[in-house]
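Every number here is computed from the coordinates shown, using simple stated rules; none is lab data. These numbers come from a predicted model, not from an experiment. A quick note on method: Cβ atoms are made from the backbone with ideal geometry, for glycine too, and the neighbour counts reach across all protein chains shown.
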Amino acid sequence: MHQDSSSSKLKLLTMKNILTIVFALITAIGFAQKQPHNPSERIQQEKTNGTVFENVDLFTTVNKQKSKTKIPSELKDYTLFSFDKGKEAAFKSKAPVAMTLTIPGQKKAMSLELVKTKITTDDYQIIEMPSGKIVTPDNNVLHYRGIVKGVPNSVVAISFLSAEISGIISIGEKPSNLVIGKLKNSNEQIIYEDKDIRHLNDFVCRIEDNPEKSEQLQDNTQGKAAVKCPKIFFDIANDIVRDKGGAQGASDFIEAIFNQVSVLYANDDISIRLSGVKAWTSAAPFDGLTNYRNYRNRNSFNGDLGHFVTYNFSGGVAWVNALCGSYKYAVSGIRKSFSNVPTYSWSVEVVAHELGHNLGSPHTQACKWNNNNTAIDGCYGTEGGCARPGLPSGGGTIMSYCHLTNVGINFNKGFGPQPKALIQRTINSKSCVQTCDGGPGNDGSVTFQGNNNRYISSENGSNPMTCNRTVVGSFEKFTVVDAGGGQVALKGNNGRYVSSENGGAPMTCNRTRIGSWEKFTIVDAGGGKKALKGNNGKYVSSENGGAPITCNRTRIGSWEKFTINGLRNNTAIPQVAGLQNEIGMFPNPVKNLLTITMGTFADEMSKVLVKDINGRTLQSTAVSNEAKVNGVQVLDLSNMVTGVYFVQITNSNRIITQKVFIE
């Protein structure tokens, strides 16, 4: 037996640091269910967690007069740009977890704060039809979502395909959206406002009543975030597959559209995932909603909702409130382009709209809202004979027909309060729908991502652990367990614990109980990264994915740094040992005046917040100009009652939090 029952005494300061670690971990797990879908909240949370947003500049502006690509005269204001190919390859190789991306704009460059996002389920597959051949997903396709820097009331979705960027940007109450995409038959990219060609979007939706279910239209003024996650499956028509050069190109195209659709749902605290794609290289055996349903009910698919997309269909059609039944289908007629210009916002609108019907929402012009059978807006003739209200200010919402009027649809407004609440309640009420991780509820699990951008795998306990996985499956998920004495243990999805093997052999995940070799300390490694320190005093190394992981390093290098995904908390998360090199606070415990040393951390945006243990801000103080120069700020805490508090220091890119005891 390797177990050691003895334990050394820890110095008081070390114990405080370790207890802070455990508090952070346990608190984070307790708040795991609150991880936000909303892009603005997600960006703020990443900053709170100390994630570094890398500055990324990939594009060169193209002179419009020198461009050889014909641009339709309808576009009044647009910008052309191209990839710097050398930078593109390096960017895709690194695939940063978070970044500030510079995009050329009509008047000036725009900075986008983005985080990498996973839009597919763990069992996602691309299947070529009718051959049944499985197509390997392109690992160079990357998806991001976030906001315009400095504009919390905005929403952004960006996908990087092969020599192409695809995305949408929606800002505030602006009744139009920015579209980003590659020009047809050109290497140039374009950014433009969709209002310039709005009059060409004649999309009309035909809804079908679901014979199995009625609409759930009680009080829709209140809703809560959807904790479940419908899986969406797509059949891609042959016309799209041919246009995109095959199943791989077509699936990349649909992934980009889905990223933009899913960010609109996420902005309303609704999570959806792409669970599979079948790309038809010959004519599909269906061309409309009814025969699509008939085919799919005979031929099963991996998903909660089936969606057929084609160029050869005018508008869209869907059954309403269709989850968990035999009418769980929709058809969307998406657009290829308009005179060389990509029209992503049209396609995003129709797919998001038809999915909204499947998830329970009628049109906003239906006489079924406001708890009195009236319509929400008057962008189209009412459905049901009620009075037609006026047009909404600042643009219409996703389930409206406001694209047919001069007010347009503002993606940033999402579904609007009532359709949003209805969709959330519908999803939460369905027993057939699971969470995005496939379980019955959020499990508080975490993943460990090495500096090689690969994930640690437990190998289900049957082989030494590795750090070489490109996607997260069940073997890549771990639960953080309080191991006592300020340490933690890591439990794999096989129910066994991770062992350091005392550094004498590659690490395994096969222990049935927690001994000394199964205890770890999580140490802050800077830049939002963490290191794992075993009870042998050595650090865990990813071995860069080239060999099984070990716990035998005497210092923290790049292979010993990990991003712990899932370690989240909507309130203050005290940082673990290591940040004291950058931020210091003394005396601690404190009675009146707390001295904060911050080195060069402070910038023009810096402030100091004092929060209670529930995360409520009790005091907010701007960092003085003097402190920005000499790195020292004195905080008056004499009005605070005795207890535990969290002092938070911010700058433009990071938030650092430390626990303080007030006597």
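Note on T102 and T136: the extension gain reaches 9.2 nm, defined as 0.36 nm multiplied by sequence separation minus the Cα-Cα distance.
Placing a pseudo-label 7 Å from each Cα along the Cα-to-Cβ vector at K64 and N153 gives an inter-label distance of 2.9 nm. Annotation: for a label point projected 7 angstrom from Cα along Cα→Cβ of S558, residues of region 73-94 with backbone N closer than 14 Å are 90-91, 93-94. Taking 13 Å as the straight-line reach from the Cα of K519, the aspartates and glutamates in range (excluding those fewer than 8 positions away in the same chain) are D4, D482, E501. Highest mean packing first, where packing is the average number of other Cβ atoms within 10 Å per residue, the peptides 286-296, 131-141, 494-504, 325-335 line up as 325-335, 494-504, 286-296, 131-141. For the pair T617 and N55, a Förster radius of 25 Å applied to the C-beta separation gives a FRET efficiency near 0.30, rounded to the nearest 0.05. Sorting M598, M640 from the fewest to the most surrounding beta carbons within 10 angstrom yields M640, M598. Is the shape of region 290-422 rounded, prolate or oblate, going by the alpha carbon gyration tensor and its root eigenvalues a ≥ b ≥ c, with a/c under 1.5 for rounded and a/b larger than b/c for prolate? The shape class here is oblate. Each residue, E74 and C432, gets one label point 7 Å from its Cα in the Cβ direction; the gap between the two is 3.8 nm. Exposure proxy for R298, R469: other Cβ atoms within 10 Å of each Cβ, ordered fewest to most, give R298, R469. Once both labels are positioned 7 Å from their Cα atoms along Cα-to-Cβ, the gap between N373 and S393 label points is 3.1 nm.
For A90 and N187, the difference between the fully extended length at 0.36 nm per residue and the C-alpha to C-alpha distance is 33.1 nm. Full extension of the chain between A505 and R298 yields a length gain of 69.3 nm, computed as 0.36 nm times the residue separation minus the alpha carbon distance.
Classify region 334-387 as rounded, prolate or oblate, taking a ≥ b ≥ c as the square roots of the eigenvalues of its Cα gyration tensor: rounded when a/c is under 1.5, otherwise prolate if a/b is larger than b/c and oblate if not.
Details: a/c = 4.29, a/b = 2.27, b/c = 1.89.
Prolate, since a/c reaches 1.5 and a/b exceeds b/c.
Under 17 Å of direct C-alpha separation, and excluding same-chain neighbours fewer than eight residues apart, K231 reaches these lysines: K118, K278, K328, K430.
When each of the peptides 416-423, 530-537 is scored by the mean number of other C-beta atoms lying within 10 Å of its residues, the order from highest to lowest reads 416-423, 530-537.
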